[in-house]
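**Student:** One structure follows; several queries about it will come next.
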Amino acid sequence: MNSMRVEHHPVLGDLENQKEIKIYFDGQEYTAHEGDTIASALLASGIRTLRLHEDKATPRGIYCNIGHCFECRVRVNGKNTVRACLTPVENHMQIESGTPLSASFIKGGTL
Amino acid sequence: MNEESTVVCRCEEITLKEIQGTIEKFNCSSREVKLRTRAGMGSCGGRTCRSTIDRLVEQMGGPVISNEVPLSYRPPVRPVSFGILGGAKE
């Protein structure tokens with residue numbers, strides 16, 4: 001169910017049907033269109049949480065969507081810190097969301 | 001405004017309360033706030049919270065923004081992986 005994808009745009013008109021491809025996010029399969037970025041493909045399938053904050057474990061996702069803020073960093077095909085908002089999707093792409101690493105209050109936290 | 005839940009630095013998730021507390025306790029400049037709380041050290045390079053920290057320091061009587069650049073831009077301007085620094089192909 002492409003719940004969020006804009007099929008009929010008042011100005012741009014209807015979405016021409018691009019080629020559908022398969023992407024995997026944390027082991028689950030999703031369909032995406034060629035030419036989507038990872039962020040927009042996942043958003044179209046209703047996924048907004050791309051990672052959990054490394055320290056405070058809060059859910060994080062798209063923020064600037066132009067490659068500045070790195071909030072959307074995910075792990076793609078084993079490569080870390082890939083910006084989902086800039087990276088186009090490819091067929092059978094393995095995407096893994098960021099997980100919390102360690103609790104900083106254990107090693108002293110902020111002063 | 002609930003200082004506890006107001007996040008100033010998104011990347012490191014440092015709340016307004018922590019920053020105000022640090023400024024009050026140590027009466028420090030924005031650079032010192034950055035060193036003490038990591039606010040401004042996140043992956044966005046301080047783009048989101050830099051000016052807020054400067055203004056908070058100014059508001060709370062910290063050293064007014066003198067000629068000393070408060071939160072200077074530190075290399076790398078964009079996060080870069082050690083792999084690439086080590087010559088791995090992009």
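The values are calculated or read from the model by the stated rules, or taken from the named source; none is laboratory data. What you see is a predicted model; the values in this text were computed from it and never measured. Ideal geometry is used to build each Cβ from the backbone, glycine not excepted, and the neighbour counts take in all protein chains shown.
**Student:** Could you tell me whether the range A:65-80 includes any residue that is out of contact with any Pro (no Cβ under 6 Å at 6 or more places or on another chain), over 20 Å from B:VAL80 (Cα atoms) and loosely packed, with under 13 Cβ neighbours inside 10 Å?
**Tutor:** no
**Student:** I've got another one for you. Quick one: count up the residues across the range A:47-88 that are touching a residue at least 24 places away in the same chain (Cβ under 8 Å) and either closer than 17 Å to B:GLY45 by Cα or touching a Leu at 6+ places or on another chain (Cβ under 8 Å) (or both).
**Tutor:** The qualifying residues number 11.
**Student:** What's the total number of residues in the range B:1-20 that are at the interface with chain A (Cβ under 9 Å from one of its Cβ atoms) and part of a helix (DSSP H, G or I)?
**Tutor:** 1
**Student:** Filter the range B:21-61 for residues that are closer than 23 Å to A:THR81 by Cα, aliphatic (A, V, I, L, M) and within 10 Å of another protein chain (Cβ to nearest Cβ) and give the result.
**Tutor:** Within the range B:21-61, B:ALA39 is the sole residue that qualifies.
**Student:** Considering only strands (runs of 3 or more DSSP E) fully contained in the range A:1-86, which possess at least 1 residues that are modelled with pLDDT of 90 or more and of a type in the set (Asp, Glu)?
**Tutor:** A:20-25, A:28-33
**Student:** Anything in the range B:1-32 that is at pLDDT below 90, of a type outside the set (S, T, N, Q) and within 21 Å of A:HIS53 (Cα to Cα)? List them, or say none.
**Tutor:** B:GLU3, B:GLU4
**Student:** Limited to the range B:21-33, what total is found for residues that are buried (at least 19 other Cβ atoms within 10 Å of the Cβ), in contact (Cβ under 8 Å) with a residue 24 or more places away in the chain and not in a loop (DSSP other than H, G, I, E, B)?
**Tutor:** 3
**Student:** A further question on this structure: I'd like the residue in the range B:72-86 that is at pLDDT 75 or above and more than 19 Å from A:GLU71 (Cα to Cα) and, out of all such residues, is surrounded by the most Cβ atoms within 10 Å (Cβ to Cβ).
**Tutor:** By that ranking, first place goes to B:GLY83.
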